[in-house]
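Enquirer: Take this structure first; my questions come after.
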Amino acid sequence: MSGAAHTPAPGGGERRCGFVAVLGAPNAGKSTLVNALAGAKVSIVSPKPQTTRFRIRAVLVEGPAQIVLVDTPGIFAPRRRLDRAMVGAAWGGAKDADFALLVVDARTGLTEAVRAIIARLAGQRRPVWLVLNKVDLIPRERLLPLAAECNALLPFAETFMVSAQKAQGLERLRARLAEAVPPGPWMFPEDELSDLPNRMLAAEIVREQILRQTHEEVPHHATVETEQWTERADGSARVDCTIYVARPSQKAILIGDGGARIREIGRRARAELSQLLERPIHLFLNVKDRPGWDEETGRLRALGLDEEEG
């Protein structure tokens, strides 16, 4: 923790700091919104639902305010132990926050999943803001009726219409976030963008490439763990990751003909990690089939998940 309460922030003004949970159904664009607000890649993104599996804190500085955005997994009806842990992580993030942003995909609107989330939020006492995302993809005349329909279910403290992908409408949201967080000391150093350790960042970047380069059942039955991180004298690092899948057939798909797919996953992940960390990364991938990994307590804890209820 840095500074004392009510100390001036860089550039003047009383310091403010608060935690904001970013909630929504899968594929609402929560991680894209968090990355756009933070101005840097903090969470992995893909077109597939349930990309985010655990809470990630992104640190955003706006004037004298430090806003800690808590990116959470999409909330859905859980089936596996992994699913239950992900949904628990989402509601746990909301429980500890000063207020919450409910991100709704404007294209799909008020689905049953969104209605269920709103119903649960209505029973809580913290302020909730509505963020209609992907507004660039639908006719503008549909936006006000959708906002009114959502506010009829829960009177939101604020309503925003944005396109995270196109960075539209974000300046007003950033400014209002900065005004709304309470006075108090900053929780993170000025130059810190996220609380995600490098070992978990490496695993997530590899998993993002699995999501982008494989289809059907493989992405949701794969997890990645960084087994070893070795610093080298020349400033580079060797990173060894293991990819676990549920079945031998999924292992074969991931490896590809003659190892072509796993090499491409490694090549793209290595390039992105080197860019994000601003130094050479030597990435080595191993694939193992481990049936039932998504029901194992040890594997879930390695992902930063517990079966908590928010």
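Enquirer: Collect the residues in the stretch 246-260 that are surrounded by 19 or more Cβ atoms within 10 Å (Cβ to Cβ) and either at positive phi or of a type outside the set (A, V, I, L, M, F, W, C) (or both), keeping them in residue-number order.
Expert: Of everything in the stretch 246-260, those that are surrounded by 19 or more Cβ atoms within 10 Å (Cβ to Cβ) and either at positive phi or of a type outside the set (A, V, I, L, M, F, W, C) (or both) turn out to be GLN250, LYS251.
Enquirer: Residues in the stretch 220-235: is at least one within 20 Å of LEU60 (Cβ to Cβ), surrounded by fewer than 17 Cβ atoms within 10 Å (Cβ to Cβ) and over 18 Å from the mean Cα position of the chain (by Cα)?
Expert: No, the stretch 220-235 has no match at all.
Enquirer: Right, next: In this structure, is ARG174 surrounded by 13 or more Cβ atoms within 10 Å (Cβ to Cβ) and part of a loop (DSSP other than H, G, I, E, B)?
Expert: Considered against the rule, which asks whether it is surrounded by 13 or more Cβ atoms within 10 Å (Cβ to Cβ) and part of a loop (DSSP other than H, G, I, E, B), ARG174 comes out as no.
Enquirer: Which of the strands (runs of 3 or more DSSP E) contained wholly in the stretch 219-310 include at least 1 residues that are out of contact with any strand residue (DSSP E or B) (no Cβ under 8 Å at 6 or more places or on another chain) and at pLDDT below 90?
Expert: Filter on the stretch 219-310 gives an empty set.
Enquirer: Restricting the search to the stretch 112-128, which residues are outside any loop (DSSP other than H, G, I, E, B) and among the basic types (Lys, Arg)?
Expert: ARG115, ARG120
Enquirer: Also, quick follow-up: Which one of the conditions (1) of a type in the set (Gly, Ala, Ser); (2) farther than 23 Å from VAL61 by Cβ; (3) modelled with pLDDT of 95 or more; (4) in contact with a helix residue (DSSP H, G or I) (Cβ under 8 Å, 6 or more places away or on another chain) does ALA147 fail to meet, given that it meets all the rest?
Expert: Condition (4) is where ALA147 drops out.
Enquirer: Quick check: anything in the stretch 130-138 of a type in the set (Asp, Glu) and loosely packed, with under 14 Cβ neighbours inside 10 Å?
Expert: No, that holds for no residue.
Enquirer: Any residue at all in the stretch 185-197 that's hydrophobic (A, V, I, L, M, F, W, C) and either in a helix (DSSP H, G or I) or over 20 Å from the mean Cα position of the chain (by Cα) (or both)? Working first, answer last.
Expert: Looking only at the stretch 185-197, we keep the residues that are hydrophobic (A, V, I, L, M, F, W, C), and these are 186-188, 193, 196.
Restricting the remaining residues to those that are either in a helix (DSSP H, G or I) or over 20 Å from the mean Cα position of the chain (by Cα) (or both) gives 186.
Within the stretch 185-197 (the criterion being hydrophobic (A, V, I, L, M, F, W, C) and either in a helix (DSSP H, G or I) or over 20 Å from the mean Cα position of the chain (by Cα) (or both)), the answer is yes, since at least one residue qualifies.
The values are calculated or read from the model by the stated rules, or taken from the named source; none is laboratory data. Quick caveat: nothing in here was measured; it's all calculated off a predicted structure. Because the Cβ atoms are built from the backbone with ideal geometry, glycine has one as well, and the counts that use them run over all protein chains shown.
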